1. Go through region 40-97 and count every residue that is small (Gly, Ala, Ser) and outside any loop (DSSP other than H, G, I, E, B).
2. Only one residue in Glu285, Glu280 is within 26 Å of the chain's Cα centre (by Cα), within 17 Å of Ala230 (Cβ to Cβ) and surrounded by fewer than 13 Cβ atoms within 10 Å (Cβ to Cβ), so which one is that?
3. Determine which single condition Ser62 fails, assuming it passes every other condition in (1) within 18 Å of Met147 (Cα to Cα); (2) among the polar types (S, T, N, Q); (3) over 38 Å from the mean Cα position of the chain (by Cα).
4. Only one of (1) closer than 21 Å to Leu657 by Cα; (2) in contact with a Leu (Cβ under 7 Å, 6 or more places away or on another chain) is not met by Ile433, so which one is it?
5. (1) farther than 25 Å from Asn178 by Cα; (2) free of Cβ contacts under 8 Å to residues at least 60 places away in the same chain: which one isn't true of Lys97, the others all being true?
6. Residues to consider are Glu87, Glu31, Glu25; find the one that is open to solvent by 20 Å² or more (accessible area, probe 1.4 Å) and in contact (Cβ under 8 Å) with a residue 40 or more places away in the chain.
7. Given the structure, is Met160 at pLDDT below 95 and either touching a Ser or Thr at 6+ places or on another chain (Cβ under 7 Å) or open to solvent by 30 Å² or more (accessible area, probe 1.4 Å) (or both)?
8. If I go through region 163-178 residue by residue, how many of them are part of a loop (DSSP other than H, G, I, E, B) and open to solvent by 60 Å² or more (accessible area, probe 1.4 Å)?
Amino acid sequence: MEHNSTQTVTPDDSVVNVEEESRMEFNSCKETLKQYIKDHRQAPNTKLFSFLALLNAYVPDSYITMDECQRILGPPDPIHGGPPFEERMKPFTVFIKMSGPLPGRVCMIHPEIAKSAVELLADLNISRGRTARQFFRSFCNNETEDMVQFIKDLLTKREMGEHGKAKFSSLILDICENQDFHQALSVLEMASDTFGQNPNFPQTIARLYYLESGDYNKTEEWAQEAIRRAPNNSYVADTLGQIHKNNLLRRVSDQRDVEEIAEKAYSAFKDVEEKAEREEGPEMEGTPGVVSTSDSFNNRGLFGFIQVAKIVFKKLGKTRAAASYPNLQKEVEDKFDFFEWYLTYSKPDMKTFEPDYFWRDVALCYEYYTGKTAAESTSFPGLLNCLDRGLFSSKGSRARFQETENDLQQIRDELKTMYETNVDDVKVAERYILSNIVLSNKEPDSASLSPVQELQTVIHKFLCEVGCRSPEFYLLVLLLFWPEEPVEVKQEEDVEVKQEPELEATEEDGSQDKTWEDVNTDEDQDTGGEAAQPSPDLMSDPDLQDIVTLMKEEFARAKYAKYLRGRYLLPLFFLGKGSGLSRWIHKSKLDVVVETMVLDKLEAQTDEEDEREQLKKELDTQTDEEESQQQKKKMRLFHDMWIKGEVWQNSQIKEMLLPVQVEPCNSSMTLEEQEEVFVLAGGKKIKARVEDEADERPLSTMLYYLGFTIQGPVVFRVGAPHSEQ
């Protein structure tokens, strides 16, 4: 018998959930199943039922092929006159599905039924550990891709919980809790022996030894075995560094031991860092010379080094800590610089930030070894971070730092003086220009702001020079030279998509795609591999499409593409309705409004005024744990408002931002398929990436706002002009 996985409707139109019905049926059959299992513990159908239950309880989408099921059941096979599969699996048949997820693949009818079956079997002394070992013996010669992945998930996949990732997979945790450490170890060792080249099992054994038994020697031995199996994988190598770091943190206090273990930890994390540098994105898999790939850059080597330096400082003090490792202060400064821009320009995905402790450890370690706070930084990303101060979404607030607002007027004046004494230093010029834009966001009416024309002159000088420039440089060029529209695009009017004639020059002769490299002479292009720059006669009006092209190229050349792959690039500025520098709205100004929306929503959850007052009192006296939970709740709401597009419907944000007109880049694709569009600005067409959003309405009916990431311009689809979402 096989249950459907859909819902059925009874004559009185009430909906009956099939899984709940099956659960009730399982409970009603429990005594019958118990007696059968007691009488047939070694029977092939009991064994197969236990395998299916274990797999589907912990890996819900897993299955065993019908051929494998028949092999476990043994002869006679139905094709040789044996009884049907359904007959041989009685009394378990009612809980087994023989057509899912595809025909010929057998699984339990529902994961909850599988969990109940696992518990029933365990009550009858058919433990999870025993079943897992039997399962591996039965499938030791079946190394199909799907089965290997099921076993890997079964033993190594750690679920995300409220407090981060679990220590181990759910199965290993349950074996440890319901049996003991040795049973869990036995299962993992068998998997490690069965799949002798897979590094994940020895990697997990190393963690199990360390966290559950404290056997440091065995821990290190298994971590080294994992590295032997995957010598080029940075994530596998990270386990050894984490072991040394945790050993240093928890068990070592003697100065000599601290220095010895710290040296091992530093070395292990440097190895992780070097392997991560050699890893490429998944699109490069199979390319000659590429030894390892990963979806995202592994920052654990860099961060692990920082954490070790922080621990050693606390245990030994700065002088002794620095003496224990050459160039330690320089290493810490370099890693601080990396994480400062890494966390300013990106985050893991649209929904999350790094854990709160991440920036705290980086900033504190930097302060320990340099005597300077992160808040004092006036680097390019440091200046951008100045505007985030005071927001509960800022990394400083989440790290529990007591940050005071910087005197942006003073910073701007100091950077102007620095520029005037270093007029040939492009990095100083970039910071001076940015300080004006940052100050304009905070104090738009400040009399000290440099005129836009003056800042354009500053950057002109470097545009005329041959040489590579940074993505930050090209970002500033776009902000300073973006055309100002004489007539504001009205939100009350539909934004029409204009269709250009087929023989339009920019479409037909390829001039739209030309960069300065294309129009320079051969002599001009001989730059030793560096990006060519425009000739001085073009400087009065730089071609912004060329700037966008160069910015994208430098994003890759500067390795931002390598380090930020797989991460969400944060919009740094949006185009607003003002003029001059005041047109550029830093994301923090939008976040201020969104945070108010979050607080209003939280307050609205309490209806009575006296209850609101009580809530405020509770917030003032809450424990660290309560405060942490409240912070997480606020952050969830904050992310939801961005992801669902609620921010774009706020009247304050609408008042800040200026809609832009767009046209499709690729006429051979439908509007919904466009990944890039042309933004129409000052009679020019400038390519911009379309933010990947769930809204699939045609572009012609949408309103757009323009933002800039460190990679270039991006447009946000924000809803139909005539409607509220």
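The values are calculated or read from the model by the stated rules, or taken from the named source; none is laboratory data. Just so we're clear, the structure is a prediction, and the values are computed from it rather than from any experiment. Because the Cβ atoms are built from the backbone with ideal geometry, glycine has one as well, and the counts that use them run over all protein chains shown. Ligands, DNA and RNA are excluded from the accessible area calculation, which covers all protein heavy atoms including side chains. Shrake-Rupley method; radii C 1.70, N 1.55, O 1.52, S 1.80 Å.
1. Summing the residues that are small (Gly, Ala, Ser) and outside any loop (DSSP other than H, G, I, E, B) in region 40-97 gives 3.
2. Glu285
3. It fails just one condition, (3).
4. (1)
5. Tallying (1) farther than 25 Å from Asn178 by Cα; (2) free of Cβ contacts under 8 Å to residues at least 60 places away in the same chain, Lys97 fails exactly one: (2).
6. Glu25
7. yes
8. Qualifying residue count for the region: 2.
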